[in-house]
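Report on the following structure.
The values are calculated or read from the model by the stated rules, or taken from the named source; none is laboratory data. All figures in this text were calculated on a predicted structure; none of them were measured in a lab. Neighbour counts are summed over all protein chains in view; Cβ atoms, including those assigned to glycine, are modelled from backbone coordinates with ideal geometry.
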Amino acid sequence: MPQMFDYDLIVIGVGPAGEKAAAQAAYFGKRVLAIEREAEPGGAGTHTGTMPSKTLRETAMYLSGYHSREMYGVAVELERTATLPRLMSRKTAIMASESKRIRENLGRHGVIFMRGVAGFADKHTVEVRSDSGTRKVTGEVILIATGSRPARPAEIDFGDACIHDSDEILTIERIPASITILGAGVIGCEYACMLAALGVKVTLVDGRDALLSFIDEELVERLAASMQRMGVAIRLGLRWKSVKRRGDSVVVSFDDGAEIASEQLLFSAGREGCTQDLNLSAVGLVPEKRGYMVVDWRYRTSVANIYAAGDVIGFPALAATSMEQGRVAVCHAFGFEYKRSVGDLLPYGIYTIPEMSAVGETEASCRDMKIPYAVGRALYAQNARGKIAGDTEGLLKLIVDRRTRKLMGVHVIGERATELVHIGQAVIHLDGSVDAFIDMVFNFPSLAEAYKYAAYDCLGHLSKPQ
Ligand SMILES: Cc1cc2nc3c(=O)[nH]c(=O)nc-3n(C[C@H](O)[C@H](O)[C@H](O)COP(=O)(O)OP(=O)(O)OC[C@H]3O[C@@H](n4cnc5c(N)ncnc54)[C@H](O)[C@@H]3O)c2cc1C
């Protein structure tokens with residue numbers, strides 16, 4: 001019987017969501033086409049977001065001797081012009097190797113990769129525009145995985161070489177002496193730490209009154225203290241009015257009349273869905289105000305054969321969740337009896353310096369839900385590995401249900417926080433209790449051992465009335 005469509009699945013956009021969705025469908029025998037506007041696959045995950053920013057962070061910490069600070073009192077004075085090429089060359093090498101991995105993964109699964117800008121002609125037909133012309137391809141199912149881009153307020157002149165969004169900051173030509181970062185969300189905080197580690201005088205500004213309000217307050221307090229020690233000036237509750245060049249400086253003016261001048265500016269307040277080239281009106285779809293697609297629990301849009309996953313549907317907009325959403329979307333689209341939902345226990349990894357990670361409930365959420373809870377804490381300063389590694393600022397914190405002793409949340413700040421959190425996540429996932437850590441034998445010396453001491457601390461609190 002002739003095939004009705006050229007492909008079973010057309011994926012538009014090859015970032016984390018598109019790659020994993022394409023591979024998942026192909027794994028189950030579907031004929032898949034993946035269309036990407038850029039020459040190399042990987043999206044923000046590989047080229048402008050996750051991987052490059054984390055590579056710069058690691059390199060910045062290495063070059064600045066950050067890891068050695070406690071041990072040898074090292075304060076490396078960086079030579080700005082020599083540092084930038086070293087920073088950038090490592091980032092470029094990592095990006096190239098990740099793009100290669102994605103191409104190989106698609107190839108191994110038999111996914112066809114096509115370069116071009118995709119837009120809908122009708123609900124089964126996609127037009128792909130490229131230098132070699134326009135061609136049409138048809139698919140039974142179409143997945144929109146076009147990601148998001150930094151928001152750029154019209155009042156700010158991003159044509160100025162000293163004013164950057166979070167994509168452009170990756171291509172700076174010199175390390176500035178000073179920078180103002182507008183927007184203290186995850187991206188703003190991460191860049192503030194990284195640049196401060198490189199010796200840049202950073203002013204981090206946000207209109208909100210608190211940093212990272214979705215993270216446990218105690219962790220955020222420690223982060224803020226650590227950032228201030230690195231020289232970051234944190235200015236909260238300030239609303240910017242204008243950004244203007246004045247001589248060699250970029251000057252931000254605020255509602256209350258205050259001004260901050262610096263050599264460069266990073267605008268990192270908000271992102272919007274990349275739906276502008278999709279010609280959604282051809283299929284009767286209308287994105288939300290900031291360009292985000294609306295989907296149901298299966299990641300299906302209001303058009304039955306069109307799905308959307310990843311940053312293009314908005315929160316939580318993480319590479320980690322985007323990949324899983326892509327896989328789940330195609331499982332629903334083709335009825336694979338495999339992944340039916342994205343787990344609801346989502347970890348957060350925030351690659352500030354020090355890094356932070358969290359999963360499950362916080363003290364605040366327990367209070368809101370009126371769940372009686374106990375807290376167990378372990379300080380890295382008391383942990384052998386923490387001392388050896390020179391991280392005496394870290395904290396691992398457990399949140400436990402007083403009634404059942406079940407582990408409900410884990411919050412970590414410090415070296416390897418984003419790895420450590422997964423031990424706790426596994427225990428929560430398996431419905432385990434705080435006693436699991438009492439029973440387990442941990443490597444010594446290891447940061448993981450902090451779980452045991454946080455559990456002992458928690459037992460002390462559990463034995464006392466609330
Ligand atoms: C600075 C920064 C740091 C980050 N750090 C982390 C982190 O530490 N951990 C984490 O989990 N997440 C992090 N993220 C978020 C992460 O990068 C995104 O959540 C993830 O990349 C989203 O994946 P995606 O596949 O939905 O979209 P994207 O990665 O944006 O990929 C979308 C792809 O679609 C393509 N495309 C768009 N429109 C079209 C079209 N019309 N036709 C063809 N192709 C098109 C784009 O070129 C792109 O390649 C970070 C983001 C930023 C900006």
Inset, instruction - Spot the failing condition for LYS30; the list is (1) within 25 Å of ILE112 (Cα to Cα); (2) more than 16 Å from the ligand (Cβ to nearest atom); (3) at pLDDT below 95, and only one is missed. - result: (3)
Inset, instruction - Go through TYR380, TYR373 for me and flag whichever is buried (at least 23 other Cβ atoms within 10 Å of the Cβ) and within 25 Å of SER226 (Cα to Cα). - result: TYR380
Inset, instruction - Quick one: in region 1-29, of everything that is over 18 Å from GLN325 (Cα atoms) and not acidic (Asp, Glu), which residue is surrounded by the most Cβ atoms within 10 Å (Cβ to Cβ)? - result: TYR7
Legend entry - Answer residue from region 307-337, given it is among the aromatic types (Phe, Trp, Tyr) and more than 11 Å from the ligand (Cβ to nearest atom) and is surrounded by the most Cβ atoms within 10 Å (Cβ to Cβ) among those: TYR307
Inset, instruction - Consider ILE102 carefully, then state whether it is in contact with a His (Cβ under 8 Å, 6 or more places away or on another chain) and within 23 Å of SER322 (Cα to Cα). - result: no
Legend entry - Residues satisfying the stated conditions in region 338-357, i.e. in contact with a His (Cβ under 8 Å, 6 or more places away or on another chain) and away from the ligand (no atom under 13 Å from the Cβ): ARG340, GLY343, LEU345
Inset, instruction - Within region 157-177, count every residue that is within 17 Å of TYR191 (Cβ to Cβ) and away from the ligand (no atom under 16 Å from the Cβ). - result: 7
Inset, instruction - Report those strands (runs of 3 or more DSSP E) wholly inside region 280-368 carrying at least 2 residues which are within 17 Å of ALA23 (Cα to Cα). - result: 306-308
Inset, instruction - Those residues that are farther than 23 Å from THR392 by Cα and small (Gly, Ala, Ser), I need them from region 434-459; list them, please. - result: ALA436
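Within region 33-71, restricting attention to residues that are part of a loop (DSSP other than H, G, I, E, B) and surrounded by 22 or more Cβ atoms within 10 Å (Cβ to Cβ), which residue is nearest to the ligand (Cβ to nearest atom)?
Step by step, filter region 33-71, then rank; the result is GLY49.
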Inset, instruction - Take ASP160 and decide whether it is within 30 Å of LEU395 (Cα to Cα) and surrounded by fewer than 20 Cβ atoms within 10 Å (Cβ to Cβ). - result: no
Legend entry - Test for ALA304: is it among the aliphatic types (A, V, I, L, M), away from the ligand (no atom under 16 Å from the Cβ) and modelled with pLDDT of 95 or more: yes
Inset, instruction - Give just the number: which of (1) buried (at least 16 other Cβ atoms within 10 Å of the Cβ); (2) within 16 Å of the ligand (Cβ to nearest atom) does VAL243 not satisfy? - result: (2)
Legend entry - LYS201 being of a type outside the set (A, V, I, L, M, F, W, C), away from the ligand (no atom under 11 Å from the Cβ), touching a Ser or Thr at 6+ places or on another chain (Cβ under 6 Å) and free of Cβ contacts under 8 Å to residues at least 24 places away in the same chain: no
Inset, instruction - Would you point out the residue of region 138-156, among those that are more than 30 Å from ALA34 (Cα to Cα) and either crowded, with 24+ Cβ neighbours inside 10 Å or aliphatic (A, V, I, L, M) (or both), that is nearest to the ligand (Cβ to nearest atom)? - result: ILE156
Inset, instruction - Mind counting the residues in region 275-301 that are among the aromatic types (Phe, Trp, Tyr) and within 13 Å of the ligand (Cβ to nearest atom)? - result: 2
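A quick yes/no check of all residues on (1) of a type outside the set (D, E, K, R); (2) at pLDDT 95 or above; (3) out of contact with any Cys (no Cβ under 8 Å at 6 or more places or on another chain):
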{"site": "ILE172", "(1), (2), (3)": "yes, no, yes"}
{"site": "SER178", "(1), (2), (3)": "yes, yes, yes"}
{"site": "TYR191", "(1), (2), (3)": "yes, yes, yes"}
{"site": "VAL250", "(1), (2), (3)": "yes, yes, no"}
{"site": "ASP255", "(1), (2), (3)": "no, no, yes"}
{"site": "ALA258", "(1), (2), (3)": "yes, no, yes"}
Inset, instruction - Being away from the ligand (no atom under 14 Å from the Cβ) and within 24 Å of TYR292 (Cβ to Cβ) is the filter here, so list the residues in region 103-137 that pass it. - result: ASP122, LYS123, HIS124, THR125
Inset, instruction - Taking SER166 as meeting all but one of (1) among the small types (Gly, Ala, Ser); (2) in contact with a Leu (Cβ under 9 Å, 6 or more places away or on another chain); (3) surrounded by fewer than 23 Cβ atoms within 10 Å (Cβ to Cβ), write down the number of the exception. - result: (3)
Inset, instruction - Could you tell me whether VAL410 is free of Cβ contacts under 8 Å to residues at least 60 places away in the same chain and part of a loop (DSSP other than H, G, I, E, B)? - result: no
Legend entry - Residues located in region 226-245, provided they are hydrophobic (A, V, I, L, M, F, W, C) and free of Cβ contacts under 8 Å to residues at least 60 places away in the same chain: VAL232, ALA233, ILE234, LEU236, LEU238, TRP240
Inset, instruction - May I ask you to say which residue of ALA184, ALA192 is assigned to a loop (DSSP other than H, G, I, E, B), under 16 Å from the mean Cα position of the chain (by Cα) and crowded, with 24+ Cβ neighbours inside 10 Å? - result: ALA184
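May I ask you to verify whether THR418 is of a type in the set (Val, Ile, Thr), in a loop (DSSP other than H, G, I, E, B) and touching a residue at least 12 places away in the same chain (Cβ under 8 Å)?
The answer is no for THR418.
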Inset, instruction - May I ask you to list the residues in region 98-150 that are touching a Gly at 6+ places or on another chain (Cβ under 8 Å) and among the acidic types (Asp, Glu)? - result: GLU98, GLU127
